[in-house]
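Asks: Once you've had a glance at the structure underneath, I'll fire off some questions.
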Amino acid sequence: MAFSDNFFKKIEKKTNVNKETILSLASKLQQGDMKNEDTLKEVIRDISKMTGKEVSKEKE
C-alpha cells in the first residue's frame, strides 16, 4: 500500500515529523527484532526524539 505525498504532508503538518523519519521508523519496526531489548530501546529513543518527550532509563 503506497501512501501519497499529500498524506505525509498532512502528518508532517500535524506532528512536525517528516516523511523520511516516519518511513525510517516503519522500516525499523518491520525489519527489527522486537524481542531484542536493544532494538526496542532504539525504537523507544527514536519515538522519544520525534515526540519531544523524554523517557527515563527505568521506563525505557
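Asks: Mind listing whichever residues of segment 19-35 are at pLDDT 90 or above and part of a loop (DSSP other than H, G, I, E, B)?
Replies: Listed by number, the list holds a single entry, 35.
Asks: Looking only at segment 47-60, count how many residues are of a type outside the set (Val, Ile, Thr), outside any loop (DSSP other than H, G, I, E, B) and at pLDDT below 90.
Replies: 2
Asks: Pairs needed: first member in segment 28-40, surrounded by 12 or more Cβ atoms within 10 Å (Cβ to Cβ); second member anywhere, of a type in the set (S, T, N, Q); C-beta distance under 6 Å; at least 6 residues apart or different chains.
Replies: 32/39
Asks: Another one. Does residue 39 satisfy the condition of being of a type in the set (Ser, Thr, Tyr) and touching a Gly at 6+ places or on another chain (Cβ under 8 Å)?
Replies: In short, yes.
Asks: What's the number of the only condition in (1) under 14 Å from the mean Cα position of the chain (by Cα); (2) assigned to a helix (DSSP H, G or I) that residue 38 fails to meet?
Replies: The one condition residue 38 does not meet is (1).
Asks: Here is a follow-up. Give just the number: which of (1) hydrophobic (A, V, I, L, M, F, W, C); (2) over 15 Å from the mean Cα position of the chain (by Cα); (3) in a helix (DSSP H, G or I) does residue 2 not satisfy?
Replies: (3)
Asks: Moving on to the next point. Being surrounded by 14 or more Cβ atoms within 10 Å (Cβ to Cβ) and either more than 13 Å from the chain's Cα centre (by Cα) or without any contact (Cβ under 8 Å) to a residue 12 or more places away in the chain (or both) is the filter here, so list the residues in segment 5-27 that pass it.
Replies: Result: 8, 11, 12, 18.
Asks: Can I ask one more? I'd like to verify a number: residues in segment 31-50 that are in contact with a helix residue (DSSP H, G or I) (Cβ under 8 Å, 6 or more places away or on another chain) and not charged (D, E, K, R), how many?
Replies: Number of matching residues: 6.
The values are calculated or read from the model by the stated rules, or taken from the named source; none is laboratory data. Quantities reported herein were computed from a predicted structural model and do not represent experimental measurements. Cβ: placed from backbone, ideal geometry, glycine included. Neighbour counts: every protein chain shown.
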